[in-house]
Structure formats: structure tokens, C-alpha cells
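Structure first, commentary second.
The values are calculated or read from the model by the stated rules, or taken from the named source; none is laboratory data. Values in this document were obtained by computation on a predicted structure and should not be read as measured data. No Cβ is skipped: glycine too gets one built from the backbone with ideal geometry, and neighbour counts run over all protein chains shown.
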Amino acid sequence: MKNERMMILQMVEDGTISPSDAARLLDAMGESQANSPANTMNTSEEFTVGWVEPPEVPPIPPTPTPPVVPQPPIPPAAPLPPRPRRRREPDPGLAASLKEAGFHFNREQLRILDRADVDRETLLAFRELGYTRPDQLVQFARHDVTPEFARAVRALVGDELRAGHLIELRHHDVEIEDIYALHSIGFESIEIRQVIQMAIHDVDLDDVRDIRSLGYTHLTPRDFVEMAIHDVDVDLVRALAELGYQDLSGHDIVQLGIHDIDADYLWDAHRAGLGNLRLSALVKLAIHDTDLEAAAEAINLPGMTMDILPKLGVHDIAADLVRAVALYAGEGFAAQDLLRAARRDVDADYLIDAVELGLTHWSLNEMIAFHQHDIELEDLSDIVRLELAEIKPPLLIRLLENDVDLEAVRLALTLPNAQAEQMLSFEDADVDAELLRLLLATGVEDLTVSHVVALGKADIDRDFLRAISDGAINGLSASHLYQLARHDAEEDHVFAATTRYGRPISVEQLFEALRGNWDADDIPTL
């Protein structure tokens, strides 16, 4: 049926039949379909014979409704892009006027000129200055270069001016007032590249005028560019002028900025007493961070030169060390000794206290050595008191480092051919001043330092030495003492021998008591 309807509709479109004929055909087709056997319901009982009821189907539970998942809100639609503005077309009158004047610009160039409000008179003024190329004139319009600006710059730098120079000046925000200011400053000569460099580095023209008013009229534009690069300000130059540093080149002044020297530093140096130094010398002091007070203390000392003075900063020398070294060294001061004291970390108070204690028996270098080896001033005072200052400082240091009894050293030096080097082993041999006194009291005439060391190592009994003092034994020698020490001679042996034989006894009598091991218990039987 569907196909027949389609055919009827096609026939209407082709004009084969009219729409009314097509309607009658469609109605006829509808009636025939309604009267067809397939669409006629037969309700007679013959259709119920043999009918079997279908089995009962259990009810199907309803499908649960799935949870509703929240959906993110729909973002607002993006705004429609703005409709492009219709490009501004150049004024036809401007184009005709410029063409009449002999200028030939394309449409885009005319649009730029029109947008910048450049008129015919402006372009004619540029033509008088020699700028006729369309691309130059368009760039002038882009960067707001005016004929007045071009004339002012040309009057300043001469005929070397090119269009690119003017554009670069405006690119760096140079205004016509700046050009007039450069005119008024009065440089003897200035090149266009120098003007551009001054603009690039933000040279303050007011500062230039102030610096020139201070007497530095010889400074060139290039000098002012370098000063701006290195942050040299008017206060620094004013301090130079007030302190009398007039004969300076631009390079000299720039060096101050390079090394971060400001006006305060110059005034501090002046107040410290360094006002007579050349500026180059002050720069050296600043480079090495030299203490100005220390430099002022040292500058007039013997042998101090401008090559050595900055080294005070290298070694971090303070003013108190300079004063201490000068105080101790006196007329024997040497500049290199000051540096040596600093390298050895000498404490200024060490030298000052040494002077106050009268410990000036040694040179500055020797005192530096004492300090380096942690020799206390109290020990040096003992050395002076015991009249041992003639011993060479290196040996004194070794004696003190070995904890040698200084009183024992003094006593040992009274022995024949005594040398202080021999006494370095006193501590190991347990030799002290008491042992020396006891040995000297025995009256042994051939006693030497070597014997003292040997007796100390043999651990000779000190009560025994007390017993034989004051000439208790005749003919006693250092060798006898060593033998007696080796055989553990004691006070009882002396007491027993002198009890039997009376004082003084001979060496043989003492050895007899030693061999017999006489003691106090044997005295009644002797």
C-alpha cells in the first residue's frame, strides 16, 4: 500500500493526474484495506472451540529506578568574538593633497599617517630637513618625531644626524626639552651616539649640570655615561670637590663607583687623618677593605709604603694591633713585622701587657713566636726574674713546652760547662729545683748536667741526699753518687755509718754500710 501511495504522489508531481483525482484514489485504497479479511474481527463461537487458557505468568517486579547522577552545570556559552572593526580608511583629501605635494604613499602608509594626525605641512617641514623617503616619514609618525625635535637635535650634533638616530632617541623617551637641556649645559662637542647612550643609561641631566657647576667641566658625555652605569652620584662628586680632589679624570671618578666608594667613605677617610692621600691610594684601601683608622695609625710608621698599607686590609689588621706593634717595637718597628704579627694572629693585648710588665727583652719577632706557641706572659716574667732571658727564644719555647722547672734550669746553669739544651730532658728525668739544691749541697765538685739527668733517672733518694749534705762524706764524686743511687742508698745507711765511724765518713765506709745493709736497728750493735 505504501508503494501505491508513493506512485500516486509521484503522478501528482509529474502532472499526470490532478490532486482531486489523487484524493479519490487514496480514499478508494483506504476502504479496500478496511474491508480486507485480515482486518475483519470474527467473534463467532467456532473460534472458542479448543481454547486453552495460557498458564499464569507470575508478575515481574518493577525495575528499580537508577539514581539520578548529578550533572555539572552547563557553563555559560563563550561570548561571541567582537565583530572586527572596519578599518579606518585614510582621508581621501589627505591622499590627494600629499600626492599633489609630490609624496607617494601606499594605502597602509596613508592610514598610519592619518591615524597619527600627520598633516601636509609636517611632511613638507621634514622635506626641508632632507627626509623625503616614505618609510622614514612613516617611522617618524609611529615614534612621534616632529620637525621641531629634528631641528633641535641637528642644532646640537650637526649635520651627521640620520633618520634612524631620531627614531632611536624617541624610542628611549628623549623629549625636545632634554635636547634643549643639553644645549644649555654647554658641552664643547657632543656626538649623536653619545646623546643616544646618555638616553639609554638614563643620565640625569640635572646631575650633569650640578657636577659641571662643581668645576668638573672637562668631563665628557662619555664620562657621564660611565658614571651613570656605575652609580656615581652628585654627593660623591661634591665630596671630591670639597676635599680638594679637583684634578681628576672621568676614569678616576668612575673607579670610585666601580669599587662602591661613596661620599661617606671619603669623609671617613678625611676624619681618620688620610686626607693627604691620593685618590688612587684611597681606592686601593677600599678594594682591600682596609680599616681606615688602622691605615691612619700605620701610615707614618717607619718603612710603611703605599704598597704595604692596603695589605692591612688583606690581613684584617685593626688599629689596636698597629698601636700595639708600634708600642712594642719602638724604634725597631718594621712594616713587615706588622704583617707578620697579623698572619700569626697576635693579640694586641699580649704585646701591650708585655710592655706594661717590662718584658721588652726580646724582639717583636721573638714575641710573635712566644705568642704563636702559647707562652704565657707569667712564664716570661719568671724567665726575666730568674735571669734566663739570655737563653735563645726557640730553646726557651722548647723548655716551657717540655714543662721544665725554670728554677732548676737556673741552678743547673751554675754547673761546669752547662748548656741549656741539656736541660730539655729534666722533666722526663724528674729533675726539679729541689733535686738540684740537694745535689749542690753535697759539695760534689765534678757534678755536671749530664750527672744530674742520670741521677734523676736513677731516682736517687732525696732523704739520702739530705743526710750526706754539708760535707758528711769525704771524697764524694758524681760517679760515687750514681753508684750509690744504683744500689738504693738510703738515709739509714748514712746514719748507721756516721754513728759507727763519726762524721765525716769516707766513701768506703758508706759502701761498707751499704753492703752490710746497716740500718737504725743495727746501731746498738755497731
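Tabulated data
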read-out: Counted residues, the stretch 328-371 - those being under 18 Å from Ile299 (Cβ atoms) and of a type in the set (S, T, N, Q); value: 1
read-out: Positions within the stretch 257-309 being more than 19 Å from Glu226 (Cβ to Cβ) and among the polar types (S, T, N, Q), in sequence order; value: Asn276, Thr290, Asn300, Thr305
read-out: Candidate set from the stretch 390-409 (those that are acidic (Asp, Glu) and assigned to a loop (DSSP other than H, G, I, E, B)); member that is surrounded by the most Cβ atoms within 10 Å (Cβ to Cβ); value: Asp405
read-out: Output for the stretch 198-227, where each listed residue is within 19 Å of Ile258 (Cα to Cα), in a loop (DSSP other than H, G, I, E, B) and either of a type in the set (Val, Ile, Thr) or under 30 Å from the mean Cα position of the chain (by Cα) (or both); value: His201, Asp202, Val203, Thr220
read-out: Unique residue being outside the structural domain of Arg486 (by TED's automatic domain parsing) and not in a helix (DSSP H, G or I) when the list is Glu445, Glu378, Glu387, Glu366; value: Glu387
read-out: Cβ-Cβ under 9 Å pairs, at least 6 apart or on other chains, the stretch 460-478 side farther than 16 Å from Phe495 by Cβ, far side aromatic (Phe, Trp, Tyr) and surrounded by fewer than 21 Cβ atoms within 10 Å (Cβ to Cβ); value: Ile460/Tyr482
read-out: Subset of the stretch 471-516 (residues that are in a loop (DSSP other than H, G, I, E, B) and under 16 Å from Asp446 (Cα atoms)); value: Gly471, Gly475, Leu476, Ser477
read-out: Residue check, Glu148 farther than 15 Å from Ala95 by Cβ, of a type in the set (Asp, Glu) and modelled with pLDDT of 95 or more; value: yes
read-out: Long-range neighbours under 7 Å by Cβ, at least six apart or interchain, first residue touching a residue at least 40 places away in the same chain (Cβ under 8 Å) within the stretch 161-173, second of a type outside the set (D, E, K, R) and assigned to a loop (DSSP other than H, G, I, E, B); value: none
read-out: Candidates Ala418, Ala412, Ala433, Ala389, filtered to the one that is within 56 Å of the chain's Cα centre (by Cα), of a type in the set (A, V, I, L, M, F, W, C) and under 25 Å from Ile375 (Cβ atoms); value: Ala389
read-out: Selection count where residues are buried (at least 18 other Cβ atoms within 10 Å of the Cβ), closer than 21 Å to Ala281 by Cβ and either under 28 Å from the mean Cα position of the chain (by Cα) or charged (D, E, K, R) (or both), scope the stretch 228-250; value: 2
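Rundown of residues vs (1) at pLDDT 95 or above; (2) over 22 Å from the mean Cα position of the chain (by Cα); (3) more than 24 Å from Ser249 (Cα to Cα); (4) not assigned by TED's automatic domain parsing to the domain that holds His251, yes/no style:
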{"site": "Asp264", "(1), (2), (3), (4)": "yes, yes, no, no"}
{"site": "Leu279", "(1), (2), (3), (4)": "no, yes, no, no"}
{"site": "Met304", "(1), (2), (3), (4)": "no, yes, yes, yes"}
{"site": "Asp307", "(1), (2), (3), (4)": "no, yes, no, yes"}
